[in-house]
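The values are calculated or read from the model by the stated rules, or taken from the named source; none is laboratory data. On a predicted model such as this, the values are computed, not experimentally measured, just so you know. Side chains are part of the model used for accessible areas, which takes the heavy atoms of the whole protein and leaves out ligands, DNA and RNA. Shrake-Rupley method; radii C 1.70, N 1.55, O 1.52, S 1.80 Å.
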Amino acid sequence: MAGPPNELFSAFALVGFLVCAIPFYWHFRARNTGTCLYMFWAGFGCFLHFVNSIIWNKNMINRAPVYCDIVTRIQAGLAVSIPASALCITRKLYKVTKATSARPTREEIRRSTIVDLMIGPGLPILQMALEYVVEGHRYDLFEDFGPFLFVLDTPPAYPLVAVWPLAIGIVSLVYDVLNIFHLWKRGRHLKQMLAKQQGWSPNLYYRLIALSIVDIVVTIPICSYLIWADVTGGNMYKWKSWSDTHADYSKVVQYANVIWKNNPPVHLTLELYRWLFVASALVFFVFFGFADEAREHYRLVYRWFVRRACRLLSLPEPIDQKTYAYSLFLQAHPCLSRAQPPHTTHVVHRQLHAPGDDAAHHQGHRLREARPGPAHLPPPVAPARR
């Protein structure tokens, strides 16, 4: 079963991490807790699997067992991180839409933030602990993918691990239905409702609703299909005891590409797991990456990178993108280094005064005249006084 090359995933995962990390400070300063949690988990998932795809590219060597243990424990939490963050967003939208009083007080904002932190980071941490109950051995190691947690297919695995993303998605669906209902009922007064909330606008409200709907549309069908495939797969193991489940816990199973990529259920599960974080990051960029403040943050990072590259290559720091491209062109063609750069202008200052008018001469009415010319011209000589 052929799939996308590992190098393609590495490139997209790096892009997904950057588009979430760069505007993070802007959302953090605006105190958008649900959005910050969504960006954090999506960017962190992209970065983690980007590193794994680099380390285990074309190999399956168990070179860092402690690191693999940490990664597999984090993977258990990542499975519910994006749905939990979407739940924080839909819950916040419901509170904003339902608000009828004045601006929320500091105590209300603090309480809402605490609840968001209990959902966003709290549920993934709880999932990390519960997953250990049905973990058959330390981890599996896949070529091009890296370590992945191993959950024994037993009846307790479904309430402890499998159904959590689906349950969170259903709760988010209920909140979204209520949000759409209240929006349809009070849509004419949307601006007045959002005016009571600091930092909110109709544009931001609609984008957050669209983001939460996309998450629900993806989460519920995929989780339902995976649970159905596990239940009907016929490989369910009868739960006996804790000691039986963890009898051979220290075992590490390694799989080459030719094995796991030719096993359709395993191949689908692994590729779907890591590509969902890339898709979440890119979906976030589609809805929020073109805002004015987000573009400003991307522009600042680009300029910082260009300055660093110029210093590393011993090039003059550019003023804009066209100057930087032209400097790279001259670096590649030294024989043209004395040529005149395109679209350059030389500013000539001329002092105009009437003949014999000393007052006008001393006032110095100066006129800037832009005309093409060499980069280094001697200053013009002022006309002689009569």
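Entry comment: accessible area of the stretch 231-284 is 57 Å² per residue, from protein heavy atoms only and a probe of 1.4 Å.
Surface composition of the stretch 95-158: carbon and sulfur atoms hold 67% of the protein heavy-atom accessible area at a 1.4 Å probe.
The Rg/Rh ratio for the stretch 19-173 is 1.05, where Rg is the radius of gyration of the alpha carbons and Rh is the Kirkwood radius. The spacing between the stretch 215-278 and the stretch 75-139, judged by their C-alpha centroids, is 24 Å.
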